[in-house]
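K.L.:
Have a look at the structure that comes next, please.
The values are calculated or read from the model by the stated rules, or taken from the named source; none is laboratory data. Quick caveat, the model's predicted, so the values are computed rather than measured. Reconstructed Cβ throughout: ideal geometry from the backbone, glycine too, with neighbour counts over all protein chains shown. Surface accessibility is based on the protein's heavy atoms, side chains included, excluding ligands, DNA and RNA. Shrake-Rupley method; radii C 1.70, N 1.55, O 1.52, S 1.80 Å.
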Amino acid sequence: LLHGGVEGMLAGLGSMFRWCPPVLEVAYPRQTQDRDLYLNGRGLTLVPSYFNWGEPVAFADPGLPPVLWYSLVHEPVARPLREEDPERSLVNLLGRARAVALRVAAGGATTGEIARAAGVSASAASRHATVLRDAGLITTARHGAAVLHTLTPAGASVLRAARSAAGEAAADGRVELS
């Protein structure tokens, strides 16, 4: 909000939101049909919640001001890669940070989300995303101040191949599970 104003803040809310002025689109993964909430001149209170780990929650009582509770971006729990992890072959090929960036982009991720997942700075995450984009593995779409990175068909194939190779190795007994 400080650096990008209201436009920048709305554009940077996270991967479940898309700011298309004057509409704020919110993804509800488990909802089967679209739902519209018209403010009709009323303001919208945005409430970031540490305890909401799922989809946003909208309180839309017509007699009360509308409220939208949404999940803060949670820091991923870092754990070392194990031999049986599908990303292990990608780490050997791309390096840990790029392998994580590619995996995270599978669900659509901002540069900040890639940085947090890989445990690197935003500028390093941006450089990794650039390398993956230049290689044709991800595509990047700008939404205001934020960018959303998603897999290309080639990137999805690379992930599938890595997971398939890990599964075949486990089935052949070449990987010891601890």
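K.L.:
Roughly how compact is region 5-71, stated as its Cα Rg over 2.2 N^0.38 Å to two decimals?
P.N.:
Values: Rg = 11.8 Å, N = 67, 2.2 N^0.38 = 10.9 Å.
Ratio of Rg to 2.2 N^0.38 Å for region 5-71: 1.09.
K.L.:
Counting pairs of Cα atoms in region 86-172, how many percent are more than 16 Å apart?
P.N.:
Percent of Cα pairs beyond 16 Å in region 86-172: 48.
K.L.:
How would you rank 105-116, 89-100, highest first, on the average number of other Cβ atoms within 10 Å across their residues? Present the calculation step by step, with values, prior to reporting the outcome.
P.N.:
Details: 105-116: 20.3, 89-100: 18.8.
Going by the mean number of other Cβ atoms within 10 Å, highest first, we get 105-116, 89-100.
K.L.:
How much accessible area per residue does region 86-172 have, in Å², with a 1.4 Å probe?
P.N.:
Numbers: 4120 Å² over 87 residues.
Counting only protein heavy atoms, the per-residue value for region 86-172 is 47 Å².
K.L.:
Now, a different point. To the nearest 20 Debye, how big is the dipole of region 5-71 about its Cα centre, given +1 on the beta carbon of each Lys and Arg and -1 on that of each Asp and Glu? If you can, show how the numbers build up before the last one.
P.N.:
Working: 4 positive and 6 negative charges, 13 e Å.
In debye, rounded to 20, region 5-71 gives about 60.
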